[in-house]
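The values are calculated or read from the model by the stated rules, or taken from the named source; none is laboratory data. These figures come from a predicted structure and were not determined experimentally. Note that each Cβ is placed from the backbone with ideal geometry, even for glycine, and that neighbours are counted across all protein chains shown. Note: accessible area is taken over every heavy atom of the protein model, side chains too, but ligands, DNA and RNA are not part of it. Shrake-Rupley method; radii C 1.70, N 1.55, O 1.52, S 1.80 Å.
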Amino acid sequence: MRFDDRLSTVLGLSAEAPRDRAVQWRQLVELVARGGGSSDPALLGRALTRIAELGPEVPTTVRSAAARAIAGPAVPARLIVLFAADLADVAAPLLGSATLGDREWAEVRAAASPSVRELLDTLRPQAEAASPARLPQRSTAPLPQAPAPDHPLFRWECGPTGEIDWVEGIPRGAAIGRSIRTELPRRFEAMQPFADEPLVLAGEGELAGSWRWSGQPRFLPGSGRFAGYSGVAVRERASAPPLPSQPSGVLFPVDHDSLRELIHELRTPLTAIIGFGEIIEGQFLGPAHRAYRDRASEIVRQARLLLAAAEDLDLAAKLRSGRLAAGEGTRIASLAAGLEDRVDIMLRDPGARCGLEAGLAQRLLNRFVEAIAGAAPDQRLKLVVDMIDGQTCLALDRPTGTLGLSEEQLLRPDSPDALGFALRLVRGLAHTVGGTLDVAPERFILCLPAV
């Protein structure tokens, strides 16, 4: 079937249900990305109009996945213009791989949403865009060694093995051959994007100084196979004043409202990640291999942990800002009673109270127990509640598999059953409200401020 025939067929499909409309949008995007340059102009115009109409109804997770799937140098400019009006997280893969002329870039910038315009300012600064001498496009021919440019930015790409094989904006020898797999092994193995990671290019000379680099994984259209990374690196401005240092005990900025706004911004992408993972896990947009469904299930689980952490931090910010009064405190025994299905409760001081709002105390206690008991599903642990030195302390047995491990080993990211992440979360939240989490040879001890 010819390209135009396929485009006409998809345009003629009935799309009454939301799922059908999302599927039609995705099919049109992929068809236009692959063959928009050879299509009948009138038919292509109809397809682009339909994409624009359906876009606001399509979940963000689906739009993001479509952008990653079609990203490449051959995507038509008119389709990139439509994506430029979307969120920066959606449009980023297309903008990072596009090869457009100056006029086309101007059209993209004119249609860009505020967040995409900020991204364009980083990827393609205005001074660079206005210059009549355009940067060379990527080619297989060796690039000559050249001095570092005046603007503090360069672009790079690597293949599926992780070695950088193309750079633009700095001498090739400074970056060619460096391995993403070696420098960021966890991100590479999980095929995750990364942002603002520290980078050292040279100890002296024009490339010396602090750099930050970011990368986005690339996947082959159609097959979805991992194709490596592409990204940019930005030199940190030497003239920028150093950030003021804070005491190690202060984990929250003074402006709690700003923190809560940041937490709200964190919820949005996490919710989108959960939604997209559930789409794959439930096969709502078509069959998916079991391995992809298992990976999606794990992504959903981890994202829900982060979302719960964001909610905990939000409540902690309210408490630290004085918006939740502690009053007479919260009686721990009443909170612990709800955990008897997970652990055995021993109340050495039944009247023990902590000086926290009940919601925060309950979340802290739940996180504490879930983190540790989750690492020993077949073992019954004991939780002891007592008052020690004016603090309410909750001591929970260490699972058998953690005995003998040092505190450093338990808190590492690769600790057994992801225990390190959960414990660091509990410890950070406890510190925020004036408490502590200590690791003893046979138990974990969570101490909270008493009334």
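Table for the structure above
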read-out: Extended-chain gain in nm, criterion 0.36 nm per residue less alpha-carbon gap, GLU442 and ARG348; value: 32.0 nm
read-out: Burial ranking of peptide ranges 58-64, 270-276 (average Cβ count within 10 Å, highest at the top); value: 58-64, 270-276
read-out: Alpha-carbon centroid distance for the pair the range 357-430 / the range 166-207, whole angstrom; value: 37 Å
read-out: Environment charge of ALA440, counting only residues whose C-beta is closer than 12 Å and scoring Lys/Arg +1, Asp/Glu -1; value: -2
read-out: Carbon plus sulfur fraction of accessible area for the range 343-394, probe 1.4 Å, in percent; value: 44 percent
read-out: Separation of the LEU405 and THR99 label points, Cα + 7 Å toward Cβ, nm; value: 4.9 nm
read-out: The range 1-105 shape via C-alpha gyration tensor axes, a/c threshold 1.5; value: oblate
read-out: Solvent-accessible area of THR9 with every protein chain in place, 1.4 Å probe, in Å² to the nearest 10; value: 70 Å²
read-out: Rough spin-label spacing in nm, given labels placed 7 Å along Cα→Cβ, for ALA85 and ASP389; value: 6.3 nm
read-out: Per-residue SASA entry for MET346, accessible area with 1.4 Å probe, Å² rounded to 10; value: 70 Å²
read-out: Cβ-Cβ FRET estimate between ALA42 and LEU220, R0 fixed at 45 Å, reported to 0.05; value: 0.90
read-out: Accessible area per residue, Å², the range 346-451 with all protein chains present, probe 1.4 Å; value: 44 Å²
